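Participant: First, the structure itself, so that you have it in front of you.
The values are calculated or read from the model by the stated rules, or taken from the named source; none is laboratory data. What you are looking at is a predicted structure, and each value in this text was computed from that prediction instead of being measured. Cβ atoms come from the backbone with ideal geometry, glycine included; neighbour counts cover every protein chain shown.
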There are 2 protein chains.
Amino acid sequence: MILYNSAISGNCYKVRLLLAQLGLTAELRELDVVDRSNRPAVLGSLNPALRVPTLILDDGRAIAESNAILWWLGDGTEFVPADRFERAQVLQWQFFEQYDHEPNIAVARFWLLKRPDDVDPEKLAGWQAAGHRVIGAMEQHLEGREFLVGNGYTLADISLYAYTHVAPEGGISLDAYPAVRAWIERVAAQPGHIPITA
Amino acid sequence: MILYNSAISGNCYKVRLLLAQLGLTAELRELDVVDRSNRPAVLGSLNPALRVPTLILDDGRAIAESNAILWWLGDGTEFVPADRFERAQVLQWQFFEQYDHEPNIAVARFWLLKRPDDVDPEKLAGWQAAGHRVIGAMEQHLEGREFLVGNGYTLADISLYAYTHVAPEGGISLDAYPAVRAWIERVAAQPGHIPITA
């Protein structure tokens, strides 16, 4: 398999992390996340959103969207529950991640890491405030729970871990969220875990 | 089942449409989409995002996020493919919908329908331009295809239809997208189809 990748992207990290935990490998092809001028040429026929991650299967077919790739890789393994309700809960957290979490926390982090001199302070403050609301919702849910869904580590934890554990890089402190911090430690202690820098 | 609903919301319409096509019913409880002050009291223990739709099962458990609800209702029926790749493609389009499509097209439509005098013209223009890029990507994909995934109508079509067919209410004309318009007609001709106003 080939994974169109960005080292900084938490969305790509989700895929690299699950691949590692499944004992699978993919050839990484790095794409720039600031200069996107080559995206139509590289990804035009593969991904309508022209984004990384995009996974190319051995037969040449492509799958886009980080959480869809996780399901393609993970369904039928220990990382996806068999129970119908728990499967829907995994998806619920992943859609929450893409709608509420990533557009605020990942975006704040991207600007502070990549374009700190160009960021609009008012927009940054908005992303950070929304980020705190999102992590506050996770905190409330994780109080008394080990993982986001059911009793074990699932794709939901991979998806939410990716940008939550680096939220401080977006200026979003985790100091006020002890349940989230304990969950981050549990996720990082899972067999086969690799860091975002790997 | 109980569905916390908003008549205007395309996200809620997805659920009402699939329920109708599955021959299922839920008691609708309408929540206001402008005055959200009662959301914490009503949805606080049910949905970390405090949004509609939220589906309450007969045993009291809750599922949030429109596309996760569709999977809970639809997996194992004719509306979800059995093939592993096609299942991932359905999810890919649904994540694309929540990340790229809904935040632009639904938001433009919401402001023009509900708060036309208060909308920021610059933001509106941005949502509309992004909406055209998204529908352009759908147009390219649908050329020569009957439906978004495989050869049949799936959850992906329900999810993308919801806000695409009302995009003109957000000031986003579909005139330039003949493949999208033909697909809209095919979706609306499916057995058991109901309009968003039902």
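Participant: Could you pull out the residue among A:Asn104, A:Asn151 that is surrounded by fewer than 20 Cβ atoms within 10 Å (Cβ to Cβ), of a type in the set (S, T, N, Q) and either assigned to a helix (DSSP H, G or I) or without any contact (Cβ under 8 Å) to a residue 24 or more places away in the chain (or both)?
Facilitator: A:Asn151
Participant: Follow-up question, since we're still on this one. When only residues in region B:70-89 that are within 8 Å of another protein chain (Cβ to nearest Cβ) and either within 16 Å of the chain's Cα centre (by Cα) or not small (Gly, Ala, Ser) (or both) count, which is nearest to B:Ser159 (Cα to Cα)?
Facilitator: Out of the qualifying residues, it is B:Trp71.
Participant: If you don't mind, there's one more thing I want to ask. Of the residues A:Tyr99, A:Tyr161, which single one is within 19 Å of B:Tyr99 (Cβ to Cβ), in contact with an Asp or Glu (Cβ under 9 Å, 6 or more places away or on another chain) and either surrounded by 14 or more Cβ atoms within 10 Å (Cβ to Cβ) or of a type in the set (A, V, I, L, M, F, W, C) (or both)? Give the derivation first.
Facilitator: Working: A:Tyr161 fails: in contact with an Asp or Glu (Cβ under 9 Å, 6 or more places away or on another chain).
Just a single option satisfies the conditions, and that option is A:Tyr99.
Participant: So B:Asp58 clears everything in (1) modelled with pLDDT under 95; (2) surrounded by fewer than 16 Cβ atoms within 10 Å (Cβ to Cβ) except one condition, right? Which one?
Facilitator: (1)
Participant: May I ask you to list the residues in region A:123-140 that are within 13 Å of chain B (Cβ to nearest Cβ) and surrounded by fewer than 17 Cβ atoms within 10 Å (Cβ to Cβ)? Steps first, please.
Facilitator: To start, the set of residues in region A:123-140 that are within 13 Å of chain B (Cβ to nearest Cβ) comprises A:123, A:126, A:130, A:133-140.
Residues satisfying the conditions are A:Lys123, A:Gly126, A:Arg133, A:Gly136, A:Gln140.
Participant: (1) surrounded by 19 or more Cβ atoms within 10 Å (Cβ to Cβ); (2) in contact (Cβ under 8 Å) with a residue 60 or more places away in the chain; (3) over 14 Å from B:Gln92 (Cβ atoms); (4) of a type outside the set (S, T, N, Q): which one isn't true of A:Leu31, the others all being true?
Facilitator: (2)
Participant: OK, next. Could you figure out which of (1) more than 17 Å from A:Tyr13 (Cβ to Cβ); (2) of a type outside the set (Phe, Trp, Tyr); (3) part of a helix (DSSP H, G or I); (4) in contact (Cβ under 8 Å) with a residue 60 or more places away in the chain isn't true of A:Ala129?
Facilitator: Here A:Ala129 clears every test but (4).
Participant: Test A:Gly76 against the stated conditions and say whether it is touching a residue at least 24 places away in the same chain (Cβ under 8 Å) and on the phi > 0 side of the Ramachandran plot.
Facilitator: Spelling it out, it is not the case that A:Gly76 is touching a residue at least 24 places away in the same chain (Cβ under 8 Å) and on the phi > 0 side of the Ramachandran plot.
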